[in-house]
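Since the structure comes first, as structure tokens, the remarks are kept for the end.
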Amino acid sequence: MNSNITNETLKKYARMGAKAFMTNPGYVLSCKDENKKEDFIYNIILMRLYISRKTDIFYFDEEGRGLLVLRKAGMDYPTGEVLKVPNILGLLKNMSYVSKLLSVTGAYSSKGLYDEEKTYIVSPVFVDVNHQGKGVGTKLLKKAIEDMAQKGYKVGLDTMEPSNVPYYEKLGFKLIDTQYNEKEDAYSWYMICE
């Protein structure tokens, strides 16, 4: 679907996402080592973008300040695809953090929360740290919501950041579920925009 997106472009956005997600609760819980966290997040995001490029819908800010990716609800990425990504060594060197991330986020499940035939999930959305709070993410989200609504789809998302919930509500999202990971003492909020 996005095969014309170069590896260099994906690397640029993965680096941007890594900086943007340095305080994301899922990544904070997964990697306590501040010296390794950015590299870990970069490799996770780069893997996701490499795999997403084949199946998902990408929205780029026209000035290169942010990215939003939509994937079909209920779609699982084939495990074998992870082994094919060019940054497999970066993932392997961060394997203990990858395992922890799977433990942190794997406790949550969106199964059954979204109509898989009529919903796309925001996964991920991020904005360059130098341009946050300037409407870049809002513009990307509004464009994705508008495009999907015209095609008869809803847009869903989840967040582990409590301050994001009111922001998403202002954009028309409604809270449909809250899940708690007792082991990590962390929450995940699931939302839908119809």
### Query
To the nearest 500 deg cm²/dmol, what mean residue ellipticity at 222 nm is calculated for the chain from DSSP H runs of n ≥ 4 alone, each contributing -39,500 (n - 2.57), summed and divided by the residues?
-12500 deg cm²/dmol
### Summary
With a 1.4 angstrom probe the carbon and sulfur portion of accessible area for the chain, in percent, totals 52
### Task
Taking just the C-alpha trace of segment 151-194, give me its Rg and Dmax in Å.
11.4, 40
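Can you work out the accessible area per residue across segment 1-100, with the rest of the protein chains kept in place, probe 1.4 Å, in square angstrom?
Ligands and nucleic acids excluded, the figure is 49 Å² per residue.
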### Query
Which values of log₁₀ I(q)/I(0), to two decimal places, follow from the Debye formula for segment 1-143 at q = 0.13, 0.15, 0.19 Å⁻¹ with a uniform point scatterer at every Cα?
-0.58, -0.79, -1.31
### Query
Which pairs in the list Lys36/Lys93; Lys72/Lys111; Lys139/Lys170; Lys118/Lys170; Lys12/Lys151; Lys37/Lys100 are over 20 Å apart, alpha-carbon to alpha-carbon?
Lys118/Lys170; Lys12/Lys151
### Message
I'd like to verify something in the chain: which complete DSSP H helices, judged by Cα projection on the helix axis, reach 20 Å or more and average at least -1.0 on the Kyte-Doolittle scale?
### Response
34-52, 136-150
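The values are calculated or read from the model by the stated rules, or taken from the named source; none is laboratory data. Owing to the predicted nature of the structure, the values given are computational and were not obtained by experimental measurement. Ligands, DNA and RNA are excluded from the accessible area calculation, which covers all protein heavy atoms including side chains. Shrake-Rupley method; radii C 1.70, N 1.55, O 1.52, S 1.80 Å.
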